[in-house]
Each structure stands twice: as structure tokens, then as C-alpha cells.
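S.K.: Pasting a structure here, questions to come.
The values are calculated or read from the model by the stated rules, or taken from the named source; none is laboratory data. Given the structure is predicted, the values throughout are model-derived calculations rather than measurements. Note that we place each Cβ from the backbone using ideal geometry, even for glycine, and neighbour counts take in every protein chain shown.
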Amino acid sequence: MDTAWFAVDEDGHVGRFETGEDGAVPNAAANEEGIDSFMLRAVLAARRLAQGENPPALATQPRHPARIVFAIDAAHDAPATYRSAIESTAARLVPGARIVREAAPRVCASDAPVTPEVIAKLSAHPDVRCVLLDSELWEWLDEGDAGIFTYRNEWGDGPNPGAYKRANLPTEPIVASDLPGDLRAELAALELPVRFDQTEALHLADHMTDDDAVCYGEITLRGEVKAAAPPVAVPKRRSKSPTRTIVAILVALVLVALWAASRR
């Protein structure tokens, strides 16, 4: 299947599960193709920006519209000045931008692609700390601690769709409550009764039935071939009794003879 799905643990930490070719996907889990994964990355980027990390500056201005994440620094420490800076940059230049981090530096993410002209203005604005394009966002986050647990399907002696092994251990993992409301509800749709920071490997079969997940091919979560369903018995139609058929014919002949006699 080669996709990714999400779940939260008992502490609300978010886990991303990469299926590879054979991993199972729980029916209740949010699939990466079905959520706004850019907004999730924007939240992860906001955490790194707040820790003082600086992404590389834009090498060249984009030629096509792109979704962006941008951080705003206040010209002064006074809250009023900071609020003014927010209104003059985020609201005026990128209408509809969503705030993914409230505190300084305030980090915003565009709901829709932004034109190259607007991106150029933002990049040159004195109160804008940085601008990240969607394509650069993926690369920057992959270089460090993104704050999200990652598990990958573990191949044993053969396919084992429900087996997942932890691939990283974030130092400051995000929790679902850090996410925007709609995204939070999607990622928290499935809660696994474990703690990701204490669980190096897990098996879905320990927490759900085979019917609760989708596997590639006719196999169970533990990689066993599913038993073929027994054939459905089709009741045979009873053939009419020959005796009943003969009686019916004789009755018909008698009725015809009586009708003919009455016509004479």
C-alpha cells in the first residue's frame, strides 16, 4: 500500500505509521492522503522556530504559487507593537493565514497557495523572520527532530502487516492538543493503549481484530493466510411429483369434456 496513517497514544502524543508495501492500516485511523499534512508540518516547523532554529533562506524566489509558513518577529517587545506587526504583515499580505503558534515568534501558515509576488513582499518585510515554501518545509523538518513519533512496518520471516517498530524518539514530542481543531480531531480518531516513548515495537493484533484493519492481500494482521469462507449452500428446488402432474392433466381433460358436452 505504501502510505502512512496516524494515531495518538495514552499521553496524546502523535505517531505516524509508515506501511511500506505490506503494513496494515486501521479502519479508524486518519490516512496521510486524507488530511492537511502541510498544516501538520507547519505546526512542527513552528516548534523548531520557537527553539531558535533558523531554516535556510530562500535561495530563489518561486515562479509559481505555493503554500508557505512564515514567522513574524516584533520590532519591539511591547505587546501593542507586536500586535500591530501581526496585523500589518499576516492579515494584510496573506488574508486567511492560520496562526499555528500564538507566542513570539508568531508562526502562520497559508490555507491556500500564495503568489510569488506576495512571497517576495513577505521575504523583504522587516518584521518577517523567515518564509518557508511547502517543498522546503519537508526537507528542513526531515533534517532534525520533528517532534513526532515515527513507526515503520517490520518485515519478519514473511509479511507481518500488524508489526510496527519505532524509527525515532523525539526529545519534545507534540501532543494532539498542539494542533488546530480540525486536524487534532482527525489525528486523534484512533488512540492506541500504549505510550510511544516507552514502546519500541507494537503489534496491531494486540489491540484490534483483523476486521478492524486493512491488509494487502488475503492475510491476517499476523501474516497468516485467511481461511477460505465455506461455500454457501443453495437449496435445491423440489421437482414436481409425476403423480401430481398426471392428476392435473386428467382433471384438465375432464373439464374440457364437460365443457364440450354442455355445448351440444
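S.K.: Which residues, counting only those in the stretch 99-150, are over 20 Å from Ala176 (Cβ atoms) and assigned to a loop (DSSP other than H, G, I, E, B)?
M.R.: Scanning the stretch 99-150 gives Ala104, Pro105, Ser110, Asp111, Ala112, Pro113, Thr115, His125, Pro126, Asp127, Glu143, Gly144.
S.K.: Can you find even one residue in the stretch 167-180 that is assigned to a helix (DSSP H, G or I), among the hydrophobic types (A, V, I, L, M, F, W, C) and either modelled with pLDDT under 95 or surrounded by fewer than 18 Cβ atoms within 10 Å (Cβ to Cβ) (or both)?
M.R.: Taking every residue of the stretch 167-180 in turn, at least one turns out to be assigned to a helix (DSSP H, G or I), among the hydrophobic types (A, V, I, L, M, F, W, C) and either modelled with pLDDT under 95 or surrounded by fewer than 18 Cβ atoms within 10 Å (Cβ to Cβ) (or both).
S.K.: Do you know which of the residues in the stretch 128-164 that are surrounded by fewer than 17 Cβ atoms within 10 Å (Cβ to Cβ) and among the aromatic types (Phe, Trp, Tyr) is nearest to the chain's Cα centre (by Cα)?
M.R.: Trp138
S.K.: Are there any pairs with C-beta distances below 7 angstrom linking a residue in the stretch 95-117 that is assigned by TED's automatic domain parsing to the domain that holds Leu183 to a residue that is assigned to a strand (DSSP E or B) and hydrophobic (A, V, I, L, M, F, W, C), with the two at least 6 apart or on different chains, and if so which?
M.R.: Every condition considered, no pair remains.
S.K.: Kindly indicate the residue of the stretch 6-38 that is assigned to a strand (DSSP E or B) and touching a helix residue (DSSP H, G or I) at 6+ places or on another chain (Cβ under 7 Å) and also nearest to Asp157 (Cα to Cα) among those meeting that condition.
M.R.: Pro26
S.K.: May I ask you to say which residue of Arg16, Arg47, Arg63, Arg83 is charged (D, E, K, R) and modelled with pLDDT under 85?
M.R.: Criteria check complete, one pass: Arg83.
S.K.: Moving on to the next point. Exactly one condition in (1) part of a loop (DSSP other than H, G, I, E, B); (2) farther than 14 Å from Ala24 by Cα is not met by Ala185; state its number.
M.R.: The number of the failed condition is (1).
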